[in-house]
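A.B. asks: Dumping the structure here so I can ask a few things about it.
The values are calculated or read from the model by the stated rules, or taken from the named source; none is laboratory data. What you are looking at is a predicted structure, and each value in this text was computed from that prediction instead of being measured. Glycine gets a Cβ as well: all are built from the backbone with ideal geometry, and neighbour counts include every protein chain shown. Surface areas here come from the heavy atoms of the whole protein model, side chains and all, with no ligands, DNA or RNA. Shrake-Rupley method; radii C 1.70, N 1.55, O 1.52, S 1.80 Å.
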Amino acid sequence: MTLQELYQQEKKKPTPGAKFVMSLAEATKVKESAAQQWVTGARIPRALAREKIAEVLGKPVCELFPQVKE
């Protein structure tokens with residue numbers, strides 16, 4: 001395999017940020033576009049999704065979503 005082919009192969013792999021979004025989407029059973037909106041702050045996930053995200057990441061909900069007053 002040539003250097004260029006190796007580069008093209010690597011370029012197709014998801015970035016760490018994309019992997020993070022994919023893992024959140026998988027854990028919460030939503031589309032990646034929804035998880036992307038959460039991580040950018042465009043939207044806040046519903047309570048059950050917030051709880052699942054906190055569980056997966058091992059962080060308290062209030063730390064991950066300080067803007068939400070429950």
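A.B. asks: Got a number for carbon plus sulfur as a percent of the chain's accessible area, 1.4 Å probe? Before the final figure, lay out the partial values.
C.D. replies: On the way: 3150 of 5590 Å².
Solvent-exposed carbon and sulfur of the chain make up 56 percent of the total.
A.B. asks: Oh, and also: What's the angle, to the nearest 10 degrees (0 to 90), between helix 16-28's Cα axis and the longest principal axis of the chain?
C.D. replies: 50 degrees
A.B. asks: I'd like to check one number: the per residue accessible area of the chain, probe 1.4 Å, reported in Å² as a whole number. Display every interim value, and only then the final one.
C.D. replies: Working: 5590 Å² over 70 residues.
So the chain comes to 80 Å² accessible per residue, rounded to a whole number.
A.B. asks: Further question on the same structure: Please list 21-34, 3-16 highest first by mean number of surrounding beta-carbon atoms within 10 Å per residue. Mind showing how you got there, number by number?
C.D. replies: Values: 21-34: 15.1, 3-16: 8.4.
Going by the mean number of other Cβ atoms within 10 Å, highest first, we get 21-34, 3-16.
A.B. asks: Same structure, new question: Compactness ratio of the chain: Cα Rg over 2.2 N^0.38 Å, N = residue count? Numbers along the way, then the final one.
C.D. replies: Details: Rg = 15.7 Å, N = 70, 2.2 N^0.38 = 11.1 Å.
Against the empirical 2.2 N^0.38 Å value, I get 1.42 for the chain.
A.B. asks: As a check on your grasp of the helix formula, calculate [θ] at 222 nm for the chain: sum -39500 (n - 2.57) over DSSP H runs of n ≥ 4, divide by the residue count, round to the nearest 500. Display every interim value, and only then the final one.
C.D. replies: Working: 5 runs with 46 residues, N = 70.
It lands at -18500 deg cm²/dmol.
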